[in-house]
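Inspection log for the structure reproduced underneath, given as structure tokens.
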Amino acid sequence: MRQQSIVFFLFLSEVLALTVLGNMADKAVENVPKMFRTLVAESAGNSFSDVASIIELEMPELKYDEALIRVGYAGVNGGCETFRARGEHSFQGNKDAKNFRLGAEGVGHVVAVGPEVNNVAVGDAVCFVGSAFSEYTTSKASMLWVIPEATPEYVGLRISALTACAMLEQTGDIQRGEKVLITAAAGGAGHFAVQFAKLAGCEVIGTCGSDEKAQLLKELGCDHVINYKSQDVKEELNRIAPDGLDVVLEGVGGIMLKIALECLGPEGRLLQIGYISEYPHNAGEVEDSNPDLNVAELFWKKQTICKGKQTIYGNAWPKDFSLVAGCKNRVLDLFAEKKLKSIVDKSPKFVGLESVSDAINHMLSGKTIGKVVVKIP
């Protein structure tokens with residue numbers, strides 16, 4: 001009888017070890033701790049580095065439609081995190097907030113689900129958006145992408161590739177044979193944009209700032225590569241597209257935006273994806289901006305400006321957000337079929353919450369190739 005009791009106790013303990021926050025699943029997962037480490041901003045400030053600090057929080061109780069995720073890798077978005085930390089534009093609510101969470105997209109594994117969740121299960125690898133600079137995070141289960149494995153390459157797909165696809169294919173409606181300029185073409189979103197434009201049969205021009213980046217762009221199929229540090233961008237664009245550019249995906253701002261507008265064709269479309277040269281970390285360093293165009297207002301108010309038959313789309317996400325659902329499937333399918341490459345920035349490697357501020361600064365430095373990712377051990 002004693003031996004049977006011990007066996008039953010061991011069996012019961014094993015069952016309980018597989019039960020996480022009220023959800024039972026048929027996959028073995030780690031036990032969820034009562035506390036976890038996360039990056040927060042105690043209050044809004046001048047920069048991410050100024051405000052970010054690591055604290056411990058109690059594990060949250062899941063809502064009926066949520067999943068709990070153990071974060072594996074987090075993506076780095078310099079502009080998003082800068083303005084989130086400063087409490088500006090879409091993050092204005094952070095001005096008066098205390099200890100608000102930091103981070104956007106990432107990948108990891110589901111460790112618990114709410115009682116009405118049926119699209120993901122414990123053990124699933126997923127892409128998510130929200131508070132990625134953390135050991136654990138929660139998400140509405142309906143917003144998760146189930147993926148084969150939680151590798152760093154999938155991090156770039158969730159926002160960067162999705163954005164490039166939606167802006168070029170939906171808003172920009174790129175067509176075979178069109179001449180398409182991608183600025184910051186070796187960056188997190190830029191290297192995906194090059195590939196989507198090539199897949200559409202466009203003649204693709206990419207700008208970058210180093211020979212190493214130029215080599216990558218050639219490997220990705222870029223038809224023309226312009227190194228803005230050693231070549232005259234406007235002169236090269238006039239040579240390549242004497243009748244003007246059909247489409248521009250522009251994320252630099254400043255002088256690059258000005259040149260792109262000057263080289264835009266009579267019926268061209270300019271799709272704004274950012275304006276990194278004019279973000280706060282470059283304050284006072286922009287050589288030549290556009291006095292007749294407020295790029296921040298263009299982006300955050302998602303303005304559409306028509307100049308004759310030219311169209312400038314600020315923050316060029318599709319107005320009809322339902323169109324993005326098809327882009328999600330396209331991104332995942334192309335990656336699975338090895339028709340879309342996801343480049344992870346190789347140097348340096350960032351590991352742990354303590355390295356996130358350095359990763360943000362690295363991303364803003366202009367030296368990155370592909371998507372900057374932080375490993376969360």
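The values are calculated or read from the model by the stated rules, or taken from the named source; none is laboratory data. Predicted, not measured: the structure shown is a model, and the values here were computed from it. Every residue, glycine as well, gets a Cβ built from its backbone with ideal geometry; the counts of neighbours run over all protein chains shown. Protein only, heavy atoms only, side chains kept; ligands, DNA and RNA dropped before computing areas. Shrake-Rupley method; radii C 1.70, N 1.55, O 1.52, S 1.80 Å.
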Query raised in the report: Amide H to amide H under 5 Å from Cys202: which residues, 5+ apart in sequence or cross-chain, H placed 1.01 Å off N in plane?
Result: Gly177
Report task. Work from the charge dipole of segment 336-377 (Cβ charges, +1 for Lys and Arg, -1 for Asp and Glu, about the Cα centre) and give the residue of Ser342, Val356, Val373 farthest towards its positive end. Result -> Ser342
**Report entry** Within segment 175-224: Cβ-based charge dipole about Cα centre, in debye rounded to nearest 20 (Lys, Arg +1; Asp, Glu -1)
**Finding:** 140 debye
**Report entry** the chain, helix-only ellipticity at 222 nm - DSSP H runs n ≥ 4, -39,500 (n - 2.57), divided by all residues, nearest 500
**Finding:** -7500 deg cm²/dmol
**Report entry** Sequence-distant residues sharing a close amide H with Leu270 (under 5 Å, placed H)
**Finding:** Val248, Thr311, Ile312, Tyr313
Query raised in the report: Dipole magnitude of the chain about its Cα centre, charges +1 at Lys/Arg Cβ and -1 at Asp/Glu Cβ only, in debye to the nearest 20?
Result: 460 debye
Query raised in the report: What are the trypsin sites (Lys or Arg not before Pro) within segment 45-125 that DSSP puts in a loop, where the Cβ has at most 12 other Cβ atoms within 10 Å?
Result: Lys98
Report task. State the percentage of accessible surface on segment 210-280 attributable to carbon and sulfur atoms; use a 1.4 Å probe and exclude ligands, DNA and RNA. Result -> 44 percent
Report task. Could you tell me which trypsin sites (Lys or Arg not before Pro) in segment 182-269 are loop residues by DSSP with no more than 16 other beta carbons within 10 angstrom of their beta carbon? Result -> Lys229
Query raised in the report: Roughly to the nearest percent, how much of the accessible area of segment 151-196 is carbon and sulfur, given a 1.4 Å probe?
Result: 44 percent
Query raised in the report: What shape does segment 247-377 have by the C-alpha gyration tensor, where a ≥ b ≥ c are the square roots of the eigenvalues, rounded means a/c under 1.5, and otherwise prolate means a/b greater than b/c and oblate the rest?
Result: oblate
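Does segment 192-281 classify as rounded, prolate or oblate by the C-alpha gyration tensor (a ≥ b ≥ c root eigenvalues; a/c under 1.5 gives rounded; else a/b over b/c gives prolate, otherwise oblate)?
rounded
Hey, can you find the accessible area per residue of the chain for me, probe 1.4 Å, expressed in square angstrom?
Heavy-atom SASA per residue in the chain reads 47 Å².
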Query raised in the report: Of the chain, which part is the longest with no GluC sites (Glu not before Pro) in a loop (DSSP not H, G, I, E, B) and with at most 14 other C-beta atoms within 10 angstrom?
Result: 150-284
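Rounded to two decimals, what is Rg over Rh for segment 31-175 when you use alpha-carbon atoms and the Kirkwood radius?
That ratio is 1.00, to two decimals.
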Query raised in the report: Residue-wise, which Karplus ³J(HN,Hα) couplings in Hz belong to segment 174-186, taking 6.51 cos²θ - 1.76 cosθ + 1.60, θ = phi - 60°, and x for glycine or proline?
Result: 4, 10, 3, x, 6, 8, 10, 9, 10, 8, 6, 6, 9
Query raised in the report: In terms of modelled amide H atoms, which long-range or inter-chain residues lie less than 5 Å from the amide H of Ala97?
Result: Ala44
Report task. May I ask what percent, to the nearest 5, of DSSP beta bridges between residues of the chain are antiparallel? Result -> 65 percent
Query raised in the report: Which Cα, out of Asn227, Tyr136, Cys165, lies furthest along the positive dipole direction of the chain (beta carbon charges, K/R +1, D/E -1)?
Result: Tyr136
**Report entry** Inter-label distance, nm, simple model (7 Å from Cα along the C-beta direction), Ser43/Lys95
**Finding:** 1.4 nm
Query raised in the report: Could you name the lysines in cross-link range of Lys341, using Cα to Cα under 25 Å and dropping any fewer than eight places away on the same chain?
Result: Lys179, Lys198, Lys213, Lys218, Lys328, Lys349, Lys367, Lys371, Lys375
Query raised in the report: When the Cα centres of segment 113-140 and segment 287-338 are compared, how far apart do they sit, in Å?
Result: 28 Å
Query raised in the report: When the distances between all Cα atoms of the chain are binned every 20 Å from zero, what whole-number percent does each bin get?
Result: 28, 54, 16, 3, 0
Query raised in the report: How many percent of the accessible area of segment 36-79 is carbon or sulfur, using a 1.4 Å probe?
Result: 40 percent
**Report entry** Lone cysteines, the chain (no partner Cβ under 4.7 Å)
**Finding:** Cys80, Cys127, Cys202, Cys208, Cys222, Cys263, Cys306
Query raised in the report: Can you give the direction-averaged projected area of the convex hull of the alpha-carbon atoms in segment 206-251, in nm²?
Result: 3.4 nm²
